[in-house]
1. Pairs, please: C-beta under 7 Å, at least 6 apart or cross-chain, first residue within 23 Å of Tyr318 (Cα to Cα) and in the range 454-468, second among the acidic types (Asp, Glu)?
2. Collect the residues in the range 440-451 that are touching a Phe, Trp or Tyr at 6+ places or on another chain (Cβ under 6 Å) and either part of a loop (DSSP other than H, G, I, E, B) or without any contact (Cβ under 8 Å) to a residue 40 or more places away in the chain (or both), keeping them in residue-number order.
3. Determine, yes or no, whether Phe194 is surrounded by fewer than 21 Cβ atoms within 10 Å (Cβ to Cβ) and either in contact with a Pro (Cβ under 7 Å, 6 or more places away or on another chain) or at pLDDT 95 or above (or both).
4. Can you say whether Glu99 is under 22 Å from the mean Cα position of the chain (by Cα) and either assigned to a loop (DSSP other than H, G, I, E, B) or farther than 28 Å from Arg22 by Cβ (or both), as far as the supplied structure shows?
5. Mind listing whichever residues of the range 347-373 are aliphatic (A, V, I, L, M) and either surrounded by 19 or more Cβ atoms within 10 Å (Cβ to Cβ) or part of a loop (DSSP other than H, G, I, E, B) (or both)?
6. May I ask you to verify whether Ala376 is part of a strand (DSSP E or B) and of a type in the set (A, V, I, L, M)?
7. Applying the selection to the range 412-439, what residues are in contact with a Lys or Arg (Cβ under 7 Å, 6 or more places away or on another chain), in a loop (DSSP other than H, G, I, E, B) and either free of Cβ contacts under 8 Å to residues at least 24 places away in the same chain or not hydroxyl-bearing (Ser, Thr, Tyr) (or both)?
8. Any idea how many residues of the range 1-43 are within 15 Å of Ala310 (Cα to Cα) and not small (Gly, Ala, Ser)?
Amino acid sequence: MIIQGGMGVGVSSWRLAQAVSRLGQLGVVAGTALDQIFARRLQDGDPGGHMRRGLDHFPFPRMAERVWQTYYIPAGKPASASYKVLPSHVQDGPRELRELCIVANFVEVFLAREGHSNAVGINFLEKIQIPHLPSLYGAMLAGVGYVLMGAGVPLRIPGILDRFANHEAASYSLQVTGAQETDDRTMTLVPREFMECDLPPLARPRFLAIIASNTLAITMVKKANGRVDGFIIEGPTAGGHNAPPRGKLQLNDAGEPIYGERDVVDLAKIRDLGLPFWLAGGYGAPEKLREALAAGAAGVQVGTAFAFCAESALRDDYKQAVIQQVISGEARVFTDAEASPTGFPFKVARLEGTLSEQEQYVARPRICDLGYLREAYRTPEGAIDFRCSGEPVSLYVSKGGQPEDSVGKKCLCNALLANVAYPQVRAGKYVEIGLVTTGDDLPKIAAFLAPQSSSYTAADVIAKLTSA
């Protein structure tokens, strides 16, 4: 009945997903930027030895050893040292980066599945397209039970799952601004080029599309290249990226997007499609679960309540600061129409010392060196290049970007890694700071706190949500 939200980057870690799945609900790991997270865990010395344990179960030991030797630092890097900068994801990226994606996704899912027999899911953003193929294959090698994907139209993902189940080659077409019909935008992964031994067929995970409109649900059913197993219907009160309002963007007096009746999903039409669905965005309360079930849903997806529980990977100082705001009644959430380079609204908690403060945003050097949210575009010469509205404005404009599109853009890639205690250190001085995302129902997490307590567990969330 309960799907734990796949909150990236890294907030939905293997520990949180394992805790939820052990209790019979669906734990979900965040697949976004797992290559970066895995590499930084190794550079921090692999505290607890969990990454090594996962690598020891990886079916291709030579690949595992290459990754280990490349990134592992015994005892961890000095606190003032920078993390190694990984190669950027490009259409035909280096084998080293694809191997890292395969390994990182395998280990995260393996650890989440460890010690129980219940299903575990993984969540990806369709917009971050280049890592899809190696990431999906790595997760499937570990036996992932569900793949969840939103932030785009993932029509080609079901067919990829079908092919990878038999270790067959699969392709995905990169979305490129200004592309022409004759341009080659294909990305391909051939599993047998990475396999070190023969393996039996893999279990094909169930595929759940995260949608915000009836049109997209119908499109997925009619046009997807493989089986769609259900939907997560996510409203604009959910944390992270929200689907933009339909029609012309209008802002309220606070500067937030205005959503209207056109943005409400008709559940009767969803039911007519005959597939299970879960409701998300403001459903983190027992009465909301009952409401969803009464509307014909299989259950709910809940993110915010799990984001601040003890097992989430959100760093403790941010977690406690937000919980204290909730306890004091001062918690504030803002839907920022400008922050994300994707152009999608992005919901943030107003929190001192993070990029939600204007002075912190202004003080940060405008650097784009991770590039997950970059836009692929066609150059005048016909090549594929990349730009990000969060990079230096002059550089963005030199690549054909419009200066007005760079206004207010924040580096979500670096900020979200900082959220989970993997901040990049620049020149031994500047340390990246976070930007905490949460849903509009943040104040309601007080319901999970015992009297005089400032923490709660995933088990507390599930017990509360399923209470009569």
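1. Partner pairs satisfying both residue conditions: Thr457/Glu311; Ala458/Glu311.
2. If the condition is that a residue be touching a Phe, Trp or Tyr at 6+ places or on another chain (Cβ under 6 Å) and either part of a loop (DSSP other than H, G, I, E, B) or without any contact (Cβ under 8 Å) to a residue 40 or more places away in the chain (or both), then Leu449 is the only one that fits.
3. Details: surrounded by fewer than 21 Cβ atoms within 10 Å (Cβ to Cβ): yes; either in contact with a Pro (Cβ under 7 Å, 6 or more places away or on another chain) or at pLDDT 95 or above (or both): yes.
For Phe194, the condition - surrounded by fewer than 21 Cβ atoms within 10 Å (Cβ to Cβ) and either in contact with a Pro (Cβ under 7 Å, 6 or more places away or on another chain) or at pLDDT 95 or above (or both) - is met.
4. Working: under 22 Å from the mean Cα position of the chain (by Cα): yes; either assigned to a loop (DSSP other than H, G, I, E, B) or farther than 28 Å from Arg22 by Cβ (or both): yes.
Yes; evaluated as a whole, the condition is true for this residue.
5. Listed by number, the residues that qualify are Val348, Ala349, Leu351, Leu355, Ile367, Leu370, Leu373.
6. Numbers: part of a strand (DSSP E or B): yes; of a type in the set (A, V, I, L, M): yes.
Yes: the conditions hold for Ala376.
7. Val420, Ala421, Leu435, Gly439
8. Residues meeting the conditions: 8.
The values are calculated or read from the model by the stated rules, or taken from the named source; none is laboratory data. Keep in mind that this is a model prediction, so the values were computed, not measured. Neighbour counts are summed over all protein chains in view; Cβ atoms, including those assigned to glycine, are modelled from backbone coordinates with ideal geometry.
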